[in-house]
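The values are calculated or read from the model by the stated rules, or taken from the named source; none is laboratory data. Note that the coordinates shown come from a computational prediction; the quantities given were computed from them, not determined experimentally. Ideal geometry is used to build each Cβ from the backbone, glycine not excepted, and the neighbour counts take in all protein chains shown.
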Amino acid sequence: MARQRQGRLLGALLLLLFLLLGYPAVLVVEELQHHLGRPVLPVWVFGTWGLIILAAALILEQPRERR
Amino acid sequence: MGKRVLVVDDEPNIVMSLEFLMKRAGFEVQVARNGREALAALEGAPPDLLLLDVMMPELDGYEVCERIRQRPEWNATKIIMLTARGRDAERQRGLALGADRYVTKPFSTRELVEQAKQLLGVA
Amino acid sequence: MLPAGLVLLLSLAYLVGLFAIASWGDRRAEAGRSLIANPLVYTLSLAVYCTAWTFYGSVGLAGTGGLAFLPVYLGPTLVCLLFPLLLHKMVHTAKAYGITSIADFLAARFGKSAALAGLVTIVAAIAVLPYIALQLKAVSASIAVATGLSAEVGAPGLGIDTALLVAILMAAFAVLFGTRHIDAAEHHPGMVLAVAFESTVKLLTFLIAGTIIVYGLFDGFGDIFARALDAELGHLLDVSGPGFSHADWLLLTLLSAAAFLVLPRQFQVAVIENVDPDHIRRASWLMPLYLLLINLFVLPVAIAGVLLSGRPDDMTVLILAERTGLDWLVMLVFLGGLSAATAMIIVESVALATMISNDLVIPVLLRWPALGFAQRPDLSGVVLLVRRAGIVVLLLLGYGFYRLVGTGYGLVGIGLIAFCGVAQFVPPILAALYVRDANLTGAMIGLAGGFLVWLYTLVLPAMIPPDSALLTAGPFGIGLLRPQALLGLELLNPVSHALVWSWTVNLGGLLLGSLLATQSDLERVQALQFVDVYQRAGVTRPWHGEARVEDLRALLARFLGKRRADAALALDARQRGRTAAGNASADAALVQLAERQLARAIGTASARVMVASVVRGEVVGPQEVMEILDEASQIMEYSRRLEQKSRELEAATAELRQANERLRQLDHMKDEFIATVSHELRTPLTSIRSFSEILRDVPDLAEDERAQFLDVLVKESERLTRLINDILDVSKIEAGKMDWHLSRFDLDAVIEDAIAATAGLFRERGIVIERRLAGGLPEIEADRDRLQQVVINLLSNAAKFVPEKGGRVIVTSGVEDGVVTFAIADNGPGIPAQYLQTIFERFHQVGDTLTSKPKGTGLGLTICRHIVEHFGGRIWAESPPGQGAVFRFVLPVATPLARAAE
């Protein structure tokens, strides 16, 4: 049960990664960067990446019964 | 000086009988037809005894009893609860809320008068 | 600049240190206190993914393409999120069947096919060779930068070709720590520990160098980014640029995800060297974290390089380290790069050498009768020798590649070519794990097709001049066949382009082959064993062969050596509690054990051939397949039924809980009902008893009082009787035991009768009653007396609530839409909206505000509702504000059909 839930959460995270760090999100942030003249894209990419790792850590380190 | 009794019930015929019985026992009688009227009557001059029906519209007997016992100046007032619901849990609840007696309807008129006299310390 | 001698000395010292660590790791593991049995070391060993490409090449690429270097690390992050499912299954499978490499894995799944194993090995070797060359190139370039000497052979300086020296040293290391035992499935704890150490070194050195460059040479990230924007280098902060689109971003992410899974060295550390599948869980997020950290400084350092030296360069980190003037930092960076390169070379060459020996050389040797190889008594030495030779040859080939073609390309470019080559393993691997019907033909066609497309679209263009006619005009002038714009696909960069086409052909081949060809019997067995590995590992296969224990022992001894063969058989005997007598015939489990032991040494395909040579009659036939299929379907059927049972159980539990809840509610309702009935009965009884006692006990009662009390007695007795009648009616109706007397009648007549019956009551209270009857209503069919009871009830109800003076009641009847309607309106106080529904419930009046009025039984309206509904009608109340109450009911007109039936 817990494994299934974990699998679903990780799947959702995977989709999120695709969504936030793929086209078109990256294109939008890139345009924003051109517009603002500030380094928004590197912060966005690394920030999102870090948050997804954090979420994965939270999901995977949940205490669960040992098999 | 005559003791004062407040009869609280929503059944006119029962009020009529209680009023008759208490007057005959030598008490001064006042009548209230529901809980709210009863509390209003107490505000004036608290009676020595309350004959309190449980199942009434507005405020029921339990609530009236509880409110009376929350007011220290009304502590001297004795309460006899009258109810047509005779289950033990209800009796316990009435006594826990501070009623002095708990009488199930229909009651014996002699016993009721006896208990009232006892509570009021009248021989 | 550092003195060349110092660089050489420190490099050697570092490598010696690495030897020491590896050797320590091996000794500790042999002593049973392994240092690698924890998720952190496992993660660090996975970081062998980060090679000199990462350490040097990313910075070089970022100097021209900006953030375009990142997909190579986002891809692994992506695939890591799948690790708890995907890698776990791969590890579990590899352990269950003694898999030695990715070639072995695929071959075993597709019917223990030697041909597939060979093909995978060839693809892997060709794809990875440039990758090894890349490492050698990076190391010699870094030595050149660090010492200021040229890396060219024959140039003045070290007097030795540094790349060759590195290749030889690496080969020695790999031979020593990668081929100590013949059993390839056994772990190499020393090697893994050394790799983990190297991963730590490269990460720390890069972080240190990055911090010093960004905060020493500049004022931090913000400063560098701001200067980049000032210097018109804004494109370095972008993802897209010339030759790199957002589609490329996505495709390179996918490509890297694929490579992270199937590169031979990744398969080696992630699957073969895994000591505990549970480590995968933590590695799944630690690994992405490692990748994020090692990339943190790549972009700022690359920009810093362009700002300071004016051009991007693969060696930017080293060049900038020299700019700081700190010699120790230069040395540190150099060692970091060296560790990144050596870790890759060692693991990759060990993994590939195992594949080359098990899946290419040994099968050929065994199948070539002229060599007499198959008859030699002890082959373990030969196997080891082949493997060691494989390592040396690989590194020399890598060196050769570097010398011949390698110098013209950037590090990342070479690496991506390799990625795309090994990515061809992804479709068959996924099919192997999850698609039972994928077959050998499909895997072979797909892999070969994808490989050829890769060669044509990516490798070939890299080998010829970029302006050659083949690239610009296409072969024979056919533009649609241009290698970098196949079928006119020109939007993508060359790597993405190659990936799209090679995967398309690969998948297409796999699909087509699997649809057209049928699986052999052995393949079907293996497919089941892989796809359902969690249910099936450890299940003994049925078998019908015959073999002697002694023959198996001899076979094992030839490849593993006598000592290890005896040990394996003895262990098995002990575990199963019996002695392995020499002449006894072996059972299925023992044969399987022998095959698995052998597979660990020489690969699945060869092991199968060897075991078959000593076993008679063990043919995998339709019968065996049927048994296994049967077993599989039984297992699945069983688990399906189990699931269904548990679902049913859950449903039943829920139903029970619901029923229980309903019962509790009913119980409570019954309790309430009884309490209410008791209350309703006791109330008139109380009056009756009190006044009876008063009449008895008070002889001197005044005459008017006596009359009044007697009147009360009569009224309360009547009330009691009514109440009892009503209660009986309600319970009869609700229990369905009421006797209904059906007849046809006119509603108006019933209304007239009811009004006549209550006329006394109305007259007494001076209430005006107005009739608005329709006349000539269609007949209805019901119990006339009961319906009259309803109307009387409603009339007396109205009489009760109208004001004492000026009371007024209007009774209406009519017909519409097949129903006869009735309404009675009064000018009383009306009914609060919240009670319009509830007044029809039993004893509703108890506790409501209307009780100052004369009491009814509290059951009248309930009875009315029951009666009306029994005859298919509906009753309800309305109370427009300030206009009193209206009670209405409708009853269906009697049907002609019913009339005919009469």
Query raised in the report: Is segment C:63-77 home to any residue that is buried (at least 22 other Cβ atoms within 10 Å of the Cβ), closer than 18 Å to C:Pro427 by Cα and either modelled with pLDDT of 90 or more or in contact with a helix residue (DSSP H, G or I) (Cβ under 6 Å, 6 or more places away or on another chain) (or both)?
Result: yes
Query raised in the report: If you go through segment C:313-333 one residue at a time, do you hit one that is among the aromatic types (Phe, Trp, Tyr), assigned to a helix (DSSP H, G or I) and touching a helix residue (DSSP H, G or I) at 6+ places or on another chain (Cβ under 7 Å)?
Result: no
Query raised in the report: Can you tell me which of B:Leu51, B:Leu21 is within 11 Å of chain C (Cβ to nearest Cβ) and touching a residue at least 60 places away in the same chain (Cβ under 8 Å)?
Result: B:Leu21
Query raised in the report: Among B:Leu82, B:Leu59, which is in contact (Cβ under 8 Å) with a residue 12 or more places away in the chain, hydrophobic (A, V, I, L, M, F, W, C) and within 18 Å of C:Thr686 (Cβ to Cβ)?
Result: B:Leu82
Report task. Using the structure shown, decide if B:Ile14 is within 22 Å of B:Gly121 (Cβ to Cβ), surrounded by 21 or more Cβ atoms within 10 Å (Cβ to Cβ) and out of contact with any His (no Cβ under 7 Å at 6 or more places or on another chain). Result -> no
Requested in this report: Kindly indicate whether any position in segment C:120-134 is of a type in the set (Ser, Thr, Tyr), modelled with pLDDT of 85 or more and in a helix (DSSP H, G or I).
Outcome: yes
**Report entry** Scan of segment C:512-524 for residues that are over 24 Å from C:Gly450 (Cα atoms) and surrounded by fewer than 21 Cβ atoms within 10 Å (Cβ to Cβ), ordered by number
**Finding:** C:Asp521, C:Leu522
Query raised in the report: For the subset of segment C:210-244 comprising residues that are within 20 Å of C:Leu491 (Cβ to Cβ) and facing chain A (nearest Cβ under 9 Å), which member is surrounded by the most Cβ atoms within 10 Å (Cβ to Cβ)?
Result: C:Val239
Report summary line: Here the residues within segment C:277-299 that are touching a Pro at 6+ places or on another chain (Cβ under 9 Å) and facing another protein chain (nearest Cβ under 10 Å) are C:Asp278, C:Ile280, C:Arg281, C:Arg282, C:Ala283, C:Ser284, C:Leu286, C:Met287, C:Pro288, C:Leu291, C:Leu299
Report task. Output the residues belonging to segment B:79-110 that are within 8 Å of another protein chain (Cβ to nearest Cβ) and surrounded by fewer than 16 Cβ atoms within 10 Å (Cβ to Cβ). Result -> B:Gly86, B:Arg87, B:Ser108, B:Arg110
Requested in this report: Kindly indicate whether any position in segment C:34-41 is within 14 Å of another protein chain (Cβ to nearest Cβ) and at pLDDT 90 or above.
Outcome: yes
Query raised in the report: Which condition breaks for B:Pro57 when tested against (1) within 10 Å of another protein chain (Cβ to nearest Cβ); (2) closer than 26 Å to C:Ile694 by Cα; (3) assigned to a loop (DSSP other than H, G, I, E, B)?
Result: (2)
Report summary line: So the helices (runs of 4 or more DSSP H) completely within segment C:20-115 holding 1 or more residues that are at negative phi, within 30 Å of the chain's Cα centre (by Cα) and β-branched (Val, Ile, Thr) are C:39-46, C:71-82, C:86-97, C:102-109
Query raised in the report: Which of the following residues is modelled with pLDDT under 90, buried (at least 18 other Cβ atoms within 10 Å of the Cβ) and over 22 Å from C:Leu176 (Cβ atoms): C:Gly57, C:Gly5, C:Gly25?
Result: C:Gly57
Query raised in the report: Name the residues in segment A:28-43 that are at the interface with chain C (Cβ under 10 Å from one of its Cβ atoms) and either more than 16 Å from C:Leu67 (Cβ to Cβ) or crowded, with 17+ Cβ neighbours inside 10 Å (or both), would you?
Result: A:Val29, A:Glu30, A:Gln33, A:Gly37, A:Pro39, A:Val40, A:Leu41, A:Pro42
Report summary line: Looking across segment C:700-746 at residues that are in a helix (DSSP H, G or I) and of a type in the set (Ser, Thr, Tyr), the single one that is farthest from B:Phe20 (Cα to Cα) is C:Ser731
Query raised in the report: Quick check: anything in segment C:257-277 buried (at least 20 other Cβ atoms within 10 Å of the Cβ), over 23 Å from C:Ala125 (Cα atoms), of a type in the set (A, V, I, L, M) and in contact (Cβ under 8 Å) with a residue 40 or more places away in the chain?
Result: no
Query raised in the report: Restricted to segment C:245-270, and to residues that are among the β-branched types (Val, Ile, Thr) and away from chain A (no Cβ under 13 Å), which residue is farthest from the chain's Cα centre (by Cα)?
Result: C:Val269
